[in-house]
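Peer 1: Take a look at the following structure, please.
The values are calculated or read from the model by the stated rules, or taken from the named source; none is laboratory data. Owing to the predicted nature of the structure, the values given are computational and were not obtained by experimental measurement. Ideal geometry is used to build each Cβ from the backbone, glycine not excepted, and the neighbour counts take in all protein chains shown. SASA here: full protein model, heavy atoms, side chains in, ligands and nucleic acids out. Shrake-Rupley method; radii C 1.70, N 1.55, O 1.52, S 1.80 Å.
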Amino acid sequence: MDTLTVPEKDKNTGYDRKTIITAAGIFIGFCVVTYFLPNIMSAVGTSNPYLTAGVIAAFLILPFVGLWLRGRSKSKRED
């Protein structure tokens, strides 16, 4: 009976342990901030409602900016 071998790195996706750990860290950080977001909005909203909108905008945009920057740095290392 033939045994299956598991490659160290999948050639099709290019994911390695460092990439998965980074993605998990971003996901966990996003979940923690989401948990505390109502408290943050209440604290910021008492002083300025426009600042609350800025907090929400940053909350929605920053994960995409972080992933975009990570992709750029990874593509520069591969070139």
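Peer 1: Test A43 against the criterion of being at pLDDT 80 or above, open to solvent by 60 Å² or more (accessible area, probe 1.4 Å) and not hydroxyl-bearing (S, T, Y), and give yes or no.
Peer 2: Criteria met by A43.
Peer 1: Across region 59-71, what is the total count of residues that are more than 15 Å from A23 (Cα to Cα) and open to solvent by 90 Å² or more (accessible area, probe 1.4 Å)?
Peer 2: 2
Peer 1: Out of the residues in region 46-58 meeting the condition of being in a helix (DSSP H, G or I) and not aliphatic (A, V, I, L, M), tell me which one is surrounded by the fewest Cβ atoms within 10 Å (Cβ to Cβ).
Peer 2: Looking at the filtered set, the residue picked out is Y50.
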